[in-house]
Every structure is written in C-alpha cells, then in structure tokens.
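No value in this document is a laboratory result; all are computed from the given coordinates. No experiment lies behind these values; they were computed from the predicted model shown. For neighbour counting, all protein chains shown are included, and Cβ atoms are generated from backbone atoms with ideal geometry for every residue, glycine included.
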Amino acid sequence: MDHEFAGGVWPVMVTPFTKDREIDYETLKKLVDWYIDRGSSGLFAVCQSSEMFYLSLDERVKITKEIRRQANGRVPVITSGHISYSISEQIRELNEMVSSGADAVILLSNRLAAKDESDTKLIENLKVIMNNLPDDIPLGFYECPYPYKRILSKEVIEFCVKSERFCFLKDTSCSMNGSMKEKLSIIKGSRMKLYNANTATLLESLRKGAAGYSGVMANFHPELYVWLTDHWDSEQEKSEILQGILTMSSFIELKNYPLSAKYYIKETGIPIQVNTRKNNEDVLTETEISEILQLKKLSEETMKLLMK
C-alpha cells in the first residue's frame, strides 16, 4: 500500500454493536462498504467516534483487522487505539495496533503529555514511543478532544515533519487563521497532510492547502464532503453554497452523537443497531429523530442538485 495517502474524505468510523453491545462484525463489513461506496479515500478505523475508550485492546485490534480485510486494498486504513496514561502501556497498545496491519498508526496528542506539561515533555515522550515502534510504520496525529484537547504547537509539527515518519494530521483546532494556517505552512512540501475535522472552516482550509476532511459528519453524508473535496476549485459557486449547507447541518454533531449517526446510517439501509457503549441508556427523542430524517432528505436532495 502506498503510504503517501491521497487527500479526500476519511471518515472517523462508528462501531456497530449487537443488541448485547458486543461487536457486530457482520454489520461492520457492510459499514466499510457503505463508506467506500460513498467515495471515501480512506478509513479511520479506531478513534473517539468508534468509542475506543469503551473497547478492550483485543477489540481495538480485531476491529482494525476486520476493517482492513473488508477494505481489501480499495482504500487505506489507519487506526489509533492507545488510551492508557503511562507511556510504557501506550507502547504496548500501539505495537498491538501495528500488528493489526493498519497502513498507519495515529497518535493522540493528549496522551503524550498531561494538560499542565510542556511541549518539551510531549516531544520527549514522542521520541520514546517512536523508538519503540517499527521504523517502517507511518505515523499520524489526532488532536482528540477527550479527555482534553491538546492542539499541536509549531514546535511539535516541526519535529514531526523533520522526522519524516508522519503522513497524517487530523486537525481539530477549528482555527483557520491561527493553528491551521501555521501548520499548513510548516508541512507544505512534506509527506505530512492535514485533514480538517471542522466543517465550518473546510472550504477555506482546502483553498489554503488542506488535503481533505476527517470528521464526525462523514458518518452522516460522506458523499457531500467527497463532492466538496473533489470540486472545491472547479465548481466554486456550488462549493460556496454546499459549504453553507454542510456548516448548518453539522450542528447535529451536538445532538446525541454517535447515536444520531447510527440512526442516520440505519435509515440508509445498513442493519446497524442504534446503540452505544458510552450511554447508560440509548434514547433519541422524537425531535432528534425528526431532525435526523430531515437531514437525510436534505442531503439526498442536495446531492441531486449538485449532480445536475
């Protein structure tokens, strides 16, 4: 697999569960096809949307293996999966994730240093981790919001670029004129690519050099994000209109996610249970269901208009 990953849309995958909240591997296979059939360039297999903090290490590895098997070389598969606090335990977890056969392993920025620790400490821990992973496994970073959000600094990005090990950066800064602008300047010409997780800044970030999108809303209507990442330059007027639709639609992220995403996916024909491990009770209100169904209708009609 070519590790110089293409731009485009990289969904942060949800995990399907059975009624008993065990991993539903049969539905997982169908879900992989669902993302790929809608134009995804790659798949982020184990991340916060996957409820990785509620998955055992064995489950995290097995999920990644199954996704990669089902993808069957059609798109690359990346994975994270280190959730422990100690660096030694994270090294064990990350090497297990390497054994899954993923095309790259993605590090969580908030695992490498505590909230009150400096970037010097983060880079120190990063060096230890890198020295204990196989040299040939490409790496990436994900600014995961949980348990706290740590936006990568100029110094950390410069270290990553200089190492030539990093190929993927999932940016959650939501700051085009601040953090993203600086990162894009530093990574320009390197193998490291920035994938924006924030819808509101997506079009502008693509114009400034971002490789694509890797965010929550690719669990609702990935095909619209694919259209935008494919046509932002050639279809500028439509892209501006679509950007506005996507931004307003993205407010559904704040409404009972990932349960809402699973309901949306179920409504497209995938036999996914609308349940999670993160919730004690999985309940969508009548209003939330109405919002999801209206979003689905809006997405379908928007796609028809774009294709004219």
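May I ask which residue of Leu139, Leu246, Leu306 lies farthest towards the positive end of the charge dipole of the chain, with charges of +1 (Lys, Arg) and -1 (Asp, Glu) on Cβ and the Cα centre as origin?
Among Leu139, Leu246, Leu306, the one farthest towards the positive end of the dipole of the chain is Leu139.
Taking θ = phi - 60°, what integer Hz values does the Karplus form 6.51 cos²θ - 1.76 cosθ + 1.60 yield along region 90-96, in sequence order, with x for Gly and Pro?
Once θ is set to phi - 60°, the couplings for region 90-96 become 5, 4, 4, 4, 5, 5, 5 Hz.
For the pair Ser88/Thr287, report the inter-label distance in nm, with labels modelled 7 Å from Cα in the Cβ direction.
The two pseudo-label positions are separated by 5.1 nm.
Evaluate the relative contact order of region 150-250 (contact order divided by residue number), counting alpha-carbon pairs under 8 angstrom at least 6 apart; express in whole percent.
23
Among the lysines, which fall within straight-line cross-link reach of Lys170, defined as a Cα-Cα distance under 17 Å, with same-chain neighbours fewer than 8 residues apart omitted?
Here the lysines satisfying the reach criterion relative to Lys170 are Lys149, Lys154, Lys181, Lys183, Lys188, Lys193, Lys208.
Using Cα pairs closer than 8 Å and at least 6 residues apart in sequence, work out the relative contact order for region 5-111, in percent.
26
A 26 angstrom limit on the alpha carbon distance is what I want to check against. Which of Lys262/Lys304; Lys127/Lys278; Lys30/Lys65; Lys62/Lys121 exceed it?
Lys127/Lys278; Lys62/Lys121, as the Cα separations exceed 26 Å there.
Per 0.36 nm of contour for each residue apart, how much would the distance between Lys188 and Glu155 grow if the chain were fully extended, relative to their Cα-Cα spacing?
Stretched out fully, the Lys188 to Glu155 stretch lengthens by 10.4 nm.
Sorting Ser250, Ser99 on the 10 Å Cβ count, fewest up front, what's the list?
In order of increasing Cβ crowding within 10 Å: Ser99, Ser250.
Loop only per DSSP, at most 10 neighbouring Cβ atoms within 10 Å: give me the chymotrypsin sites (Phe, Trp or Tyr not before Pro) in region 119-196, ordered by residue number.
Details: sites: Phe141, Tyr142, Tyr148, Phe159, Phe166, Phe168, Tyr195; in loops: Tyr148.
Within region 119-196, the qualifying chymotrypsin sites (Phe, Trp or Tyr not before Pro) (loop, at most 10 other Cβ atoms within 10 Å) are Tyr148.
Going by how many other beta carbons lie within 10 Å of each one, how would you line up Cys167, Cys174, fewest first?
Fewest-to-most Cβ neighbours within 10 Å comes out as Cys174, Cys167.
What do the square roots of 5 times the Cα gyration tensor eigenvalues come to for region 1-135, in whole Å, largest first, as semi-axes of the equivalent ellipsoid? Please list the in-between numbers first.
On the way: eigenvalues 138, 60, 33 Å².
Ellipsoid half-lengths, sorted descending, are 26, 17, 13 Å.
Sum -39500 (n - 2.57) across every DSSP H segment of at least 4 residues in the chain, then divide by the residue count to get the 222 nm mean residue ellipticity, nearest 500. Present the calculation step by step, with values, prior to reporting the outcome.
Values: 11 runs with 130 residues, N = 308.
After summing the helix terms and dividing by residue count, I get -13000 deg cm²/dmol.
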